Structures are given as structure tokens and as C-alpha cells.
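Notes follow the structure.
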Amino acid sequence: MCFLNVLSCDTSSFFVLLCAMDVCLIQTLVLFCSLICCFWADNPSNKSTPNIVIILMDDMGWGDLGVFGQPSKETPNLDTMAAQGMLFPNFYTANPLCSPSRASLLTGRLPVRNGFYTTNAHARNAYTPQEIVGGISKDEILLPQVLKKKGYVNKIIGKWHLGHRAHHLPLEHGFDEWFGAPNCHFGPYNSSDRPNVPVYNNSQMVGRYYEEFGIDKKTGESNLTQIYLEEGLDFIFHQNMAQRPFFLYWAADATHAPVYASKRFLGKSQRGRYGDAVMELDYSVGQMLAWLRALGIDKDTFVFFTSDNGAAVMSGPKQSGSNGPFLCGKETTFEGGMREPAIAWWPGHIPAGTVSQQLGTVMDLFSTSLSLAGLSVPDDRLIDGLDLSPVLHNNTLINRPIFYYRGNEMMAVRVGPYKAHYWTWSNSWEEFNQGINFCPGQEVAGVTTHTQQEHTMQPLIFHLGRDPGEKYPISAGTKEYQDVLSRITAVVEKHKKGLVPGVPQLNMCDMAVMNWAPPGCEKLGKCLKAPKSQPWKCDWPH
């Protein structure tokens, strides 16, 4: 099957022509196009400034990929990507919730440093719903801002989620282009109480979810992933033709509840609607990699695939994925909430079929991307991300800890195969008794607690190699426990000594700041009247 037949044929005359052709002719034209591109190019192999593509899934779990053991084997393109690149079984997000993890990816800094946390209550997850006043701080330096120094053209496709007020949007923070939305695709809403979320093309809205950009919550049908794929292929094509290095941040959100897929994929998975969404995203990744190969720039393009946090198992089996053998899921600092699927792909540079045991985080994508582009990380602030270039090229191992934060509290830390919990909490008894369960079928006595339990004097320590499900704490009376505690204590003390929290951006809410009248609404006749400003301290229940 030709990898371009997914396109809706409305991006450019080039793609319109392709969509009108049969499969064999399309493949011939793609080859011809590749040869022409190479002929025109003054420097067809620009290895000093490789293109960078970061593919970020939304609420996709570690156990959703066939390469990690998903029995349905419905991710053939991602499994092939792993076979052609490097698989990271020990890769983490910086927070078990969407907005803070995305802020950390683009800044290379923990949420407690970049301001994407709250101090309204202890150890609470916070994000950027429509009523949030804050967003990414102007004082933070984002990856695309630094890449501009080397002439990169930067585009984000999909979900931003770092603030929706005008000064927080992507084009104000280093991106040259954007197609997507500032918030989650929740809705539909009654516009008198809450507006539907806008979809932007660069700095202007071009419609709203559930209006111009439909999502059928009953059937799960939506063409958004198709649109995002087309935008990605088009961007890659045009930057390649212009011989400009590019950074593409492709942040589709189909696996976030309410999950959706296009008609072509609905009903095709053995895993229901969520599986349909995964199949379409897997297909989309395959199309992008095939497009890079067809254009002859696969060896000049570093691609990294991962997810923003663990599967949202509290959403139920029809709306969430799998975290494999790991405990709990999204919102928690157990492994299921923060360990992510991760694959690096760069033909000719990353040895194919490699499995790295390196402890990695999304923050490393900041430092690694800059290193590959020949740039240094900002030297006026502490950067938590590491440069994984030696890992990618030589599969070396870099000794480093992993910190698990929930809001303003360091809940746990991993050093080597050991993980120590200084605080445990899944969610409150009140929520749990209402049927909201962050650890369905996985309750572990004394571990998945429904009150915040402090263990700072005697942390719960697990060996994740022997016990990936965090079910059996090592006995505090053993020599192993004492030796490990000594090592971890030194790491924690050093971390806390150098920690300077950023100004919290997720404390204040106000109905007046919602997406009532985004830029471009006048042209569409879709401006709504905002209520009077009445700010309050946001309530973050978990």
C-alpha cells in the first residue's frame, strides 16, 4: 500500500496530484521526486545539522507496543522502527501528567524548576485546563528557540498544552509554525458556559473541536490524526525542498480519552476503540518514516518516539492502554505512571536492533537534540536532561538518577535498578469510593495508599529488575536495604541542596481567560463573550 494514500488531498497541488493517481504511479512519482530533490540539493547530506523529529503520544502506555509484549501485535511500524533503531525499556517522563511532562521535554528541566507545578496543596498534579491563568514562563528557554541559532525551521503539530493565552502559545516560544490545539480535546461544550477548544493554523484559529473539527464521541470517529499526518508530511516535504534543517514536534492526542480514530481504522483492532487509535498512530509513524526514506533524508533525520505519561488506566479498558507489568498508571509516581515506551531511529548513525538499558527521560531530548545540532544547552540555568549522544552512537551507559515528582514533592527516586519511595499516594479515599481508581486490579497494601503516606525516615525500596510491579519492598533490616539506602540518600541530599523551585504557574484559575475569543475568531464569526474576571486558587484533587 502506498504510504501517501492516507492524505485528504487538500494540502497542495502536489498532494492533490498524488491522491488522484493509482498506487504504482504514486510510488514512481515519489522515487522521481526523490531523485529531483537530490539533483537540486547543493548539500544533500547535511549531517552537521540533522533534522529532528520528536513524536510524542498522549497517555500511551509502555505495554501498548508489540515490541514490549502487547499480545495483539498491532504496532508493526513502531516494532519495525525499534528493529531499525534503539529501544529504551527504561525511559521516563518528568511527571505523570500531560502539561508538566511536555514543559519538561521542551525545556530540559523538571516541572518544579520550570514552574509547571502548583503549591496550592501538597503533592498535587496540575495541568492547563481552559480556566488556567498561567502557562509556560517567558523566562524559560525552549528547544526550538535554541535550534533557531542553527537555522532550524520549527513546527508543532497537535497538542500544545503549555497555556492557551496569546503570550503562551507556540509561536511566541520559538516555533515558526503550528497546527493543532492549545488544550485537550474535551467537549463538546455549551458555548454560554464553556467554549469549545480552538484549533490553530499558526497564530489564527481555524475552527473549534466538535464544530469544524468533529469528534463523534458515540462512534469515536474523527479525522484529526489524518489531518495531523498530512500536516507533518507536508512540512517535511517543503523544508526538504528548501534545504533547511527542521524540527518537527508531532504531538497527536488520539489515545487520550475520549479516544478517537478515523473511519478507516475504527473496529479494526482486537483492543477496541483505544486499539483502533493506536493502530492509526502506528500507521502514521510508518508513513512519516517512509516519507523520510523516499525523500532520501532518513540518514539525516533523528527521530524519537515516546509518550507524555503512562496509560490512563482510571479511564477504563475501552478508553485507555496498557502499562505492561508496571504498577498503576497516569497521575501516579509508580512505574505505570512514569515509565514510557521509547524508540530512537536514525539510520546510519544508531546501530539497528539495539536495546539500551540507559535510564532516560523526556528532558534528555532537549539536551540530546541540541548536541546533535552542534549547539550547547543554556549555561545560565540548571538543565536536568542529559546528552544521550554517546548512548545513541555507542550504546554506552551514563550513571544518573531518575526523580519522580508529583507537584511540589519529590515522591521517589531511582538509582540503578533500585527505587525508593519517600511518599506514596494513589488518589484519595473520597475519589476511590466514587469509582475513580488509579490502580485498578493492582492495589498493593501499604504501597498504593489512599492517603499521603510519608516514608522519609524509612523509604520503601524496590528492586525493579526483580520486582517491576513494586509489590515487594525490600526488608529494612537487610544489608541490601542499608547499602542501597546509603547510596540513594547521598543522591537525594545532593539534589535537594541544589534545587531552586521556579515560580509556580499553575496556581490560579479564572473563567474569563478561557478560549472565548481566540485570535482569528472575528474572521470566522466565532468569537464568544467572556464572563467577568473572578480569579481563584485552582483546586487540584490529586
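The values are calculated or read from the model by the stated rules, or taken from the named source; none is laboratory data. Everything quoted here is computed from the prediction, not taken from an experiment. When we count neighbours, we look across all protein chains shown, and the Cβ atoms used for this are built from the backbone with ideal geometry, even at glycine. Note: accessible area is taken over every heavy atom of the protein model, side chains too, but ligands, DNA and RNA are not part of it. Shrake-Rupley method; radii C 1.70, N 1.55, O 1.52, S 1.80 Å.
So here's what we get for this one:
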| item | result |
| --- | --- |
| Unique match (being free of Cβ contacts under 8 Å to residues at least 60 places away in the same chain, closer than 20 Å to Ser369 by Cα and assigned by the TED database to the domain that holds Gly108) among Lys148, Lys138 | Lys148 |
| Flag for Val153 being within 18 Å of Ile55 (Cβ to Cβ), open to solvent by 10 Å² or more (accessible area, probe 1.4 Å) and at pLDDT 95 or above | yes |
| Search result, residues across the range 146-188 that are of a type in the set (Phe, Trp, Tyr) and either closer than 15 Å to Asn202 by Cα or under 16 Å from the mean Cα position of the chain (by Cα) (or both) | Trp160, Phe175, Trp178, Phe179 |
| Subset of the range 291-333 (residues that are among the hydrophobic types (A, V, I, L, M, F, W, C), open to solvent by 20 Å² or more (accessible area, probe 1.4 Å) and in contact with a Phe, Trp or Tyr (Cβ under 6 Å, 6 or more places away or on another chain)) | Met314 |
| Flag if Leu171 is surrounded by fewer than 20 Cβ atoms within 10 Å (Cβ to Cβ), among the aliphatic types (A, V, I, L, M), free of Cβ contacts under 8 Å to residues at least 40 places away in the same chain and not assigned by the TED database to the domain that holds Gln453 | yes |
| Search result, residues across the range 215-263 that are in a strand (DSSP E or B) and under 27 Å from Ile52 (Cα atoms) | Phe246, Phe247, Leu248, Tyr249, Trp250, Ala251, Ala261 |
| Strands (runs of 3 or more DSSP E) lying entirely in the range 383-439 (those with 3 or more residues that are surrounded by 15 or more Cβ atoms within 10 Å (Cβ to Cβ), at pLDDT 95 or above and of a type in the set (A, V, I, L, M)) | 409-415 |
| Residue list for the range 50-91, restricted to those being among the aliphatic types (A, V, I, L, M), crowded, with 24+ Cβ neighbours inside 10 Å and farther than 24 Å from Ser369 by Cα | Leu65 |
